[in-house]
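Q: Provided herewith is a single structure, encoded as structure tokens, for subsequent inquiry.
What follows is calculated from the coordinates using simple rules that are stated; it is not laboratory data. Since this is a predicted model, take the numbers as computed values, not measurements. So basically every Cβ, Gly included, is an ideal-geometry build from the backbone, and we count neighbours across all protein chains shown.
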Amino acid sequence: MTTVAKFEINYLQFMDENGTFISKQVPPQFAQDIDTVKSLYRDMCLIRVLDQKAYALQRTGKMGTYPAATGQEAVGVGFGSAMTKDDVLVPYYRGQAAMIQHGVLMEEVLLYWGGDERGCDYKVAKQDFPIAVPIATQLLHAAGIAKAMQMRGEKRCVFTEIGEGGTSEGDFYEALNVAGIWNLGVVFVINNNQWAISVPSEIQTNCETYAQKAIAAGIECIQVDGNDIIAVKEASEKAAEKARNGGGPTVIECISLRLCDHTTADDATRYRPEGELDEGWKKEPILRLRKYLESKKAWSEADEEKMKKELAEEVQTAVDNYLNTAVDSPAAMFDNLYAELPERTLAQRELALARGAK
Amino acid sequence: MAAITLIEAVNKAMAYEMGVDEEVVILGEDVGANGGVFRATDGLQQKFGDKRVIDTPLAESMIAGVSIGMAAQGMKPVAEIQFMGFIFPAVDQIICHAARMRNRTRGRIHLPMVIRAPFGGGIHAPEHHSESTEAIFAHIPGLKVVIPSNPSRAYGLMLAAIRDPDPVIFLEPKRVYRIEKHEIEDNGEEYPLGMCFVDREGTDITLISWGAMLHETKQAAEKLAAEGISAEVIDVATVSPLDIDTILESVEKTGRACIVQEAPKAGALGSEIAAEIAEKGVMNLLAPIGRVSGYDTVMPYYRLEKQYMPKVEHIVEEAKRIVEYR
Ligand SMILES: Cc1ncc(C[n+]2csc(CCOP(=O)(O)OP(=O)(O)O)c2C)c(N)n1
Ligand SMILES: [Mg+2]
């Protein structure tokens, strides 16, 4: 017997949970610019505040089911910040961090989860796809967008995100396979938050890593510390650069931990082992970046207070815009069904309007 | 005897059958420790162990396909699809294999399996969690499609579904999961599949519905009674194969029919029922058949959900129009 193929999976981490650079590698250029690091910190804090606010709104009946990204802010902010505005984002439902990085408005995110289709009508992120709820389906759209870019010879790329549980779906493998064989400029980001609702990785996969699923598709892959935004961003920038220049796809597995319930409709105390949260909160991405900034004397308690106040105001403005968006007319159920509404359905539109007016 | 909800009845029926038949196994996403996102399988893994209540990886095609293989070996898988909106990856397996296995092997292999899924609107759920797509499955020969409307029927029909030698799609109207309780004796007594239930006798019009919409339909019958119109109410329960005889008998008596469904109107189950009545009972009709339906549009997100859902007053209005037809 002879060995005909071998593989190894590399792991990238720059910063440990104390905010100390541990890697022997030189930190990437952007990490040496304190203002960039500060803005990454701020952007992660914004997501935390937004999620908390959305939760509170849900609890008071002003929001639908909402999936927070608590503990996973470095994933979305990290890869979202590696995107240029010409790149396209194909998000999943827990993707608000990357979406907002790429220009989706907070009030659009709130409108979506608040039960209003106008939350998918992005004012700025014009080419980005709306949130995909049917798991793993979005990866194929990302491949198609990249195919179009490739055929037109454009130097753009596509980022798409999926949970680790979602990598069990057939669509995941189909997307990786086609991206590999066609050499498509897609960056597949796996947010391995270690839970798929109540299902832990031990019963999700027999692989040691999710990254290695890329190997079977002939795609380059890397596993990164998803709590280390420097690592997430660095891996994403490299992958994006490669994708934009015809180098093909990359899979980036980011190891995070879901520090919240799956959604507002979930109760993780039913299945989460004791102690996991305590341990998780010690490693979470925001705290470690703050420690780093403090160690560089670049962040003070006063800065923190000031930022928190600003973020609260920013989020409140978005919440106000969301809450002040009046419920649409019943006609809106029909007006974008087709370019032109069939006559038969037009009659139903009239009926809905008449009934709605009562 | 305890009064229980529809979802508890589903749970009880599965527990009963697992207790008496060791071939019965449950599989699906989050059905184990979590007991299912609606708690349909609550406590079952504790009771029957993780070999018989299996948390699967996140893959619906796998869930359906694996169920087919297990059923072919004489096991009786009861698979949960977390929401009907996520059944679509499994549709290839269900339509191209589950529905056809008995026929194409000329009876050599048959598949005693159940696929359960919550469905329907009205609970402010996110996108893809509220559609009523029962007609897609009712259209497929070789499948049985069952929709219980209340706790007793959920208990009896679930038992029959598990014991049935062929694949059954068991759709649970989640809007009424917990709105009423029935006293149910947990004695393993089933309700036969393929049979309508006459829920209210009447003489002027037959109102035909199933699932959650039956509740609005019954309220409409109540209101109509107050206005002197006597409505018969039929719960279709097994939407495929359809028990058209019970419906035709009723229409023969009342001379009028109105079908009430949450699903979009075009190409839906109501269309089939109306066509059957027209084909076989048109001479008994005193007025054209009516339908109260959802609209032929995408199920809206929840802010407009109420505008989409058929309401009691729509049923009353349509029933009156039919009764007053000259
Ligand atoms: C095709 C499909 N099946 C099932 C669901 C229901 N569901 C929503 S989230 C979820 C778990 C997903 O876990 P994972 O992929 O790890 O992502 P996470 O939510 O942890 O970010 C499930 C089963 C769905 N949305 N789509
Ligand atoms: Mg996950």
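Q: Per residue of the range B:71-83, what does 6.51 cos²θ - 1.76 cosθ + 1.60 with θ = phi - 60° give for ³J(HN,Hα)? Whole Hz please, x for Gly and Pro, Karplus curve as stated.
A: Calculated HN-Hα couplings, in order: 5, 4, 8, x, 7, 10, x, 10, 9, 9, 9, 4, 9 Hz.
Q: Right, next: Which one, A:Asp266, A:Asp87, A:Asp278, has the greatest fluctuation when you compute a Gaussian network model over chain A with C-alpha springs under 10 angstrom?
A: Judging by the Gaussian network model, the answer is A:Asp278.
Q: Just to be sure I understand: of the beta bridges DSSP finds with both ends in chain A, what percent are antiparallel, rounded to 5?
A: For chain A, the DSSP antiparallel bridge percentage is about 10.
Q: Decide, for chain B, between rounded, prolate and oblate: order the square roots of the alpha carbon gyration tensor eigenvalues as a ≥ b ≥ c, take rounded if a/c falls under 1.5, and otherwise choose prolate if a/b is larger than b/c, else oblate.
A: prolate
Q: While we're here: Please report the net charge: other residues with Cβ closer than 11 Å to the Cβ of A:Thr264, K and R +1, D and E -1.
A: Residues near A:Thr264 contribute -3 overall.
Q: Now for a different question. If you average the sequence gap of Cα pairs under 8 Å that are 6 or more apart and divide by the length of the range A:11-326, what percent do you get for the contact order?
A: About 24 percent, as a whole number.
Q: Please work out whether the range A:11-326 counts as rounded, prolate or oblate from its C-alpha gyration tensor, where a ≥ b ≥ c are the square roots of the eigenvalues and a/c under 1.5 means rounded, while otherwise a/b larger than b/c means prolate and anything else oblate?
A: rounded
Q: If you count the DSSP beta bridges with both ends in chain B, what percent of them are antiparallel, to the nearest 5?
A: Looking only at bridges with both residues in chain B, the antiparallel portion is about 20 percent.
Q: Of the peptides B:285-298, B:212-225, how do they stack up when ordered by the mean number of other Cβ atoms within 10 Å, highest first?
A: By packing density, highest mean first, the sequence is B:212-225, B:285-298.
Q: Are there any chymotrypsin sites (Phe, Trp or Tyr not before Pro) in the range A:273-358 that are in a DSSP loop and have at most 13 other Cβ atoms within 10 Å? List them by number.
A: Here the chymotrypsin sites (Phe, Trp or Tyr not before Pro) that fit, given the DSSP loop and packing criteria, are A:Tyr338.
Q: Using a cut-off of under 16 Å, list every residue of the range B:265-282 whose amide N is near the label point 7 Å from the Cα of B:Tyr325 along the Cα-to-beta-carbon line.
A: B:270-282
Q: Measure up A:Lys6/B:Lys76; A:Lys123/A:Lys238; A:Lys283/A:Lys306; A:Lys24/A:Lys308; A:Lys126/B:Lys306; A:Lys213/B:Lys144 against 32 Å on the Cα-Cα distance and list the ones that go over.
A: A:Lys6/B:Lys76; A:Lys24/A:Lys308; A:Lys213/B:Lys144
Q: A further question follows. What angle, in degrees between 0 and 90 and rounded to the nearest 10, separates the Cα long axis of helix B:213-226 from the longest principal axis of the Cα atoms of chain B?
A: Helix B:213-226 and the main axis of chain B meet at about 30 degrees.
Q: If you take each beta carbon of peptide A:333-340 and count the beta carbons of other chains within 10 angstrom, what is the mean?
A: 3
Q: Continuing with this model, one more query. List the trypsin sites (Lys or Arg not before Pro) in the range B:1-77 that DSSP assigns to loop (not H, G, I, E or B) and whose Cβ has at most 13 other Cβ atoms within 10 Å. Which are they?
A: Filter output for the range B:1-77: B:Lys51.
Q: Could you work out how far helix B:6-20 tilts from the main Cα principal axis of chain B, as a 0 to 90 degree angle to the nearest 10?
A: With rounding to tens, the tilt is 40 degrees.
Q: Give, as a single signed number, the net charge of other residues whose beta carbon lies under 9 Å from the beta carbon of A:Val224, with Lys and Arg counted +1 and Asp and Glu -1.
A: Result for the neighbourhood of A:Val224: -4.
Q: On to the next question. Distance between the C-alpha centers of the range A:82-136 and the range A:230-298? Whole Å please.
A: Taking the Cα centre of the range A:230-298 as reference, the centre of the range A:82-136 is 19 Å away.
Q: Using the Cβ atoms and a cut-off under 14 Å, what net charge is assigned to the surroundings of B:Glu23, where Lys and Arg are +1 and Asp and Glu are -1?
A: So the environment of B:Glu23 carries a net charge of 0.
Q: Rounded to the nearest 10 degrees, what's the angle between the helix B:151-163 long axis and the longest principal axis of chain B, both from Cα atoms, 0 to 90?
A: 50 degrees
Q: Separate question: When you look at the Cβ of every residue in A:341-352, what mean number of other chain Cβ atoms sits within 10 Å?
A: 3
Q: If you don't mind, there's one more thing I want to ask. Of the DSSP beta bridges with both residues in the protein assembly as shown, give the percent that are antiparallel, rounding to the nearest 5.
A: Counting DSSP beta bridges with both partners in the protein assembly as shown, the antiparallel share is about 15 percent.
Q: So which DSSP H runs in chain A come out at 15 Å plus along the axis (Cα) with average Kyte-Doolittle of at least -0.5?
A: Within chain A the helices that satisfy the rule are A:34-59, A:137-151, A:170-182, A:229-244, A:285-295, A:343-357.
Q: What is chain B's relative contact order, in percent, from Cα pairs under 8 angstrom and six or more apart in sequence?
A: That works out to 16 percent.
Q: On average, how many beta carbons from a partner chain sit within 10 Å of the beta carbon of a residue in B:52-60?
A: Other-chain Cβ atoms within 10 Å of each residue's Cβ, averaged: 6.
Q: Subtracting the Cα-Cα distance from 0.36 nm times the residue separation, let me have the gained length for B:Ala275 to B:Val298 in nm, one decimal.
A: Value of the extension gain: 5.8 nm.
Q: For chain A, which longest stretch is free of loop sites, where a loop site is one of the GluC sites (Glu not before Pro) that DSSP puts outside H, G, I, E and B and that has at most 12 other Cβ atoms within 10 Å?
A: Here the longest segment lacking exposed loop sites spans A:9-207.
Q: Order these by the 10 Å Cβ neighbour count, fewest first: B:Ser230, B:Ser209, A:Ser168.
A: Least crowded to most crowded, the residues run B:Ser230, A:Ser168, B:Ser209.
Q: Moving to a separate point now. GluC sites (Glu not before Pro) within the range B:1-33: which are DSSP loop residues with at most 12 other Cβ atoms inside 10 Å?
A: Passing sites in the range B:1-33 are B:Glu22.
Q: In addition: Normalising by the residue count of the range B:2-184, find the relative contact order in percent from Cα pairs under 8 Å and 6+ residues apart.
A: Reported relative contact order: 28 percent.
Q: Might you report the magnitude of the Cβ-based charge dipole of the protein assembly as shown about its Cα centre, with Lys and Arg at +1 and Asp and Glu at -1, to the nearest 20 debye?
A: 940 debye
Q: Here's another thing I want to ask about it. Among the aspartates and glutamates, select those whose C-alpha is under 12 Å from the C-alpha of A:Lys282, and discard any that sit fewer than 8 residues away in the same chain.
A: A:Asp16, A:Glu17
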